Amino acid sequence: MSVSTSNASSQRTSAPGSRGASPVSTKSIPDELAREIAVEQAHVDRVHEELEKAGVRADSVQAEGLARSHFGRQVEVGDAEGAALFERDALMFHAAKRRTALDTQYEGLVFGRLDIDHAMLRAAAVDANSNGHHRPSDGSSGGDREIRYIGRLGVRDDDYEPLVIDWRAPAASAFYRATPTQPMGVLRRRVLRSRGTVVIGIEDDLMVPEAPDDLVVVGDGALMAALTRSRGERMRDIVATIQAHQDEAIRASARGITEITGGPGTGKTVVALHRAAYLLYSDRRRFESGGILVVGPSGAYTAYIERVLPSLGEDSVILRALGDVLDVVHTERFDPPAVARTKGSTRIRTLLGAAARGRVPGTPTEFRAMVAGRPVRLEMRELDRVRSQVLRQHQRNTGASAAQAALGEAAWASLGITGDREAKEEFLDKWEDHLDVEAFMQVWWPQVDPREVLLWLGDPELVHRHARGTLRDDEIEPLAASFRLALETGTWSVADVALVDDISARVGPVQEAPKEERGFYEIEELEDLSQYGVTEVQPVVSAARDSGAPLVLTDPRDKLLAGRIGKPDEYAHVLVDEAQDLSPMQWRMIGRRGRYASWTVVGDAAQASWPDASEAAAAREEAFGTQARQQFHMDTNYRNAREIFDYAAEVVRREVPDADIPQAVRETGIDPVEGALGADPALSVRAAVESLLGQVEGAIAVITPATHADVLAPVAELGEGRVQVIDPMSTKGLEYDATVVVDPDEITRESPGGIRVLYVALTRAAHRMTILS
């Protein structure tokens, strides 16, 4: 897999720019750099020409699939037609998938280049075999050279020669792993920066002590160049600047549990996301069919990173925030810290289990009927006994038949008749089809939505009865009040999602009532009349009509219970970012989706918002099971300027002396600015933001506690979209060019993790930070 040197050299006279894009201006660029950019632009142009051809081929395949659609008009098909239909569908699917991949790769498609000297590789192999170690070469061998371009997906020319190597391929590994001490045959590693299809800059890393005469080296190094660029609304995929120790974690074995740890700004998230893309590339059958679940801390986080995996050529990963793990529940509302701690602890499982097994509020407390000519009366105590007996072996929603049978046995026993087998069989036969029994079962043993169980717990007396001493008295009323708040607002909290999932595992999915058989005189609605030659009239299929739900839900209770909860999906791989924040109940929720999965887990204990690390660790270990473990530690802070990170590190060490403090690699010479919040917080914050708008080009965040959120909201109107007002918890995993941290003491007071959450807020800025107290 190579791109010949002669081919690359011959492109020096090609015109830069393609697809209507204007070439980058070279007037202010030194001649040497301009020539190098022109060389790379020529190759990028050629790649995009081949990409256009690939798009045409994909369209041709899709057209061929459409041409076969006449088979779809036949009411019945034989084996040959069935095979043709399958082939047509396969063509359409793969053509559409290829077209989607091609359409999403223009932004920075080619991002790297390797200049490799095979003579260096041979010399290294000889040294390794003879001395047991590698002696770095000076790069002056003059041996045969090879150029490899690295990109988001592989592209070949008409002769099937590679123009770009997919970054995940083994042939691309030297782009990430080569170092001056172990160059792996690489003379020069070059990073290409593009805007659309236009190359706007290049950065070189020299891997040998001295560059050969014919090798031009420009720039200050790819990594440092990436670190000084502005942060935008979306996370930059730094696939071009991943360092060797990060690449080891990306390409580590897919089996078992891979833990990636490190302090703020060490690239843990980017490494983990690239690992997900690499797993799909290396074992596509396993991970594409089984699926990869990526769990992040918040909706802001998922919006921030949602383009990283698609930009690497992968769109088959399920990305969820903790408030969105269930398909039918979507929330970003947080409980107060004390309530969140109660809901997150496994102590609450006693309450949830008792509520799920208990009497459904409002259901009958006795049964009376004449069955087979015999009067039957079952009182509450007997009904409770039957319910408990059935729920020992059945989920509530799947145990209706078992409950009716057990109730029939209890009804017969209540008659006090013994020894008459025929009479019992007759009684139970009548019981099975008795209208009064059927009506009673519908109200005594209804299908229960797991979310309804939580709403029952808005009653403090019910909570007190079911908690059985596992919750303190001072926890009961705030917990019940939180469920009443949910009913008032029509919104669940993030912590509620794990509780709903726990109850769902206990009661089972809601079962649909069997559809009544239609009479012979009823006419079925035709979903597609085109096969019968009718095109003028088409039925209108309404999801709202079919489900019986209104088009717009306005009642808070309807909003809380919208949709239907099914069985949890299980995945082949689960990736958890900001893992230190997961409560024990959230670990149990994610664990149900990864029973047979391998895991990638990313976290930093010093940034934890969950206060009880030992309880969370126990739940995490239960989710992981006995799988093998491998750990990778990131110890270099690429995000924060040293001045900013030193300030944050000093703050967290006051209460977390053993915090994992990475080494910041970049200095700006500008210290964080401390100021007074003043009597008018909005005025002080506005002034700080306006100052920062003139100092940085990218995104600015105002990180504020809830106390000041409403009054500071208008500040987001500054900077034409560059300013965001955000709470500390929602900044997890995010980064900005500059931040204004408002009222650090209040952030510490209101946050579940205290000073650890303040530490998060203080490490979001790359270049400038202002603290207003």
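Taken together, the values in this text are just the output of simple stated rules run on the coordinates, not laboratory data. Quick caveat, the model's predicted, so the values are computed rather than measured. Neighbour counts are summed over all protein chains in view; Cβ atoms, including those assigned to glycine, are modelled from backbone coordinates with ideal geometry.
Before moving on, here are some points about what is shown:
- Cα gyration tensor shape of the range 606-696, rounded if a/c is under 1.5, else prolate or oblate by comparing a/b with b/c: prolate
- Across the range 767-773, computed HN-Hα scalar couplings (Karplus, 6.51 cos²θ - 1.76 cosθ + 1.60, θ = phi - 60°) run 10, 9, 9, 10, 10, 10, 10 Hz from first to last residue, x flagging Gly and Pro.
- Linear extension gain, THR363 paired with LYS559, 0.36 nm per residue minus alpha-carbon span: 68.2 nm
- GLU488/GLU50 FRET efficiency (R0 56 Å; Cβ-Cβ; nearest 0.05): 0.40
- Each peptide in 291-300, 364-373 receives the mean, over its residues, of other Cβ atoms within 10 Å, and ordering these scores from highest gives 291-300, 364-373.
- Amide H contacts under 5 Å for ALA766: TYR736, ASP737, ALA738, restricted to partners 5 or more places along the chain or on a different chain, H placed in the peptide plane at 1.01 Å from N.
- Note: relative contact order over the range 558-658, using C-alpha pairs below 8 Å and six or more positions apart, is 27 percent.
- Once both labels are positioned 7 Å from their Cα atoms along Cα-to-Cβ, the gap between LEU215 and ASP671 label points is 4.3 nm.
- For the range 381-395, putting each phi into the Karplus relation 6.51 cos²θ - 1.76 cosθ + 1.60 with θ = phi - 60° gives couplings of 4, 6, 4, 5, 5, 5, 4, 5, 4, 5, 6, 5, 10, 9, 6 Hz, in residue order, rounded to whole numbers and with x for Gly and Pro.
- Contact order normalised by residue count of the range 369-424, Cα under 8 Å, 6+ apart, percent: 36
- Estimated inter-spin distance, LEU428 and LEU33, nm [label 7 Å along Cα→Cβ]: 8.8
- Percent of alpha-carbon pairs separated by more than 19 Å within the range 363-435: 34
- Computed across the range 274-357, the Kirkwood hydrodynamic radius from all distinct Cα-Cα pairs reaches 15.3 Å.
- Prolate/oblate/rounded label for the range 649-769 (Cα gyration tensor, a/c 1.5): oblate
- When the square roots of the Cα gyration tensor eigenvalues are ordered a ≥ b ≥ c, the ratio a/c for the range 147-287 is under 1.5, which makes its shape rounded.
- Each residue of the range 354-363 was assigned a 3J(HN,Hα) from its phi angle through the Karplus curve 6.51 cos²θ - 1.76 cosθ + 1.60 (θ = phi - 60°); the sequence is 5, 5, 5, 8, x, 5, 6, x, x, 8 Hz, with glycine and proline shown as x.
- Relative protection proxy for 184-196, 607-619, from highest mean packing down: 184-196, 607-619 (other beta-carbon atoms within 10 angstrom).
- Stretching the chain fully between LEU435 and GLU161 yields a gain of 91.0 nm (0.36 nm per residue, less the alpha carbon separation).
- Residues whose placed amide H lies under 5 Å from that of GLY291, excluding near-sequence neighbours: ALA572
- Chain lengthening between GLN627 and GLU512 when straightened (0.36 nm per residue, less Cα-Cα): 37.6 nm
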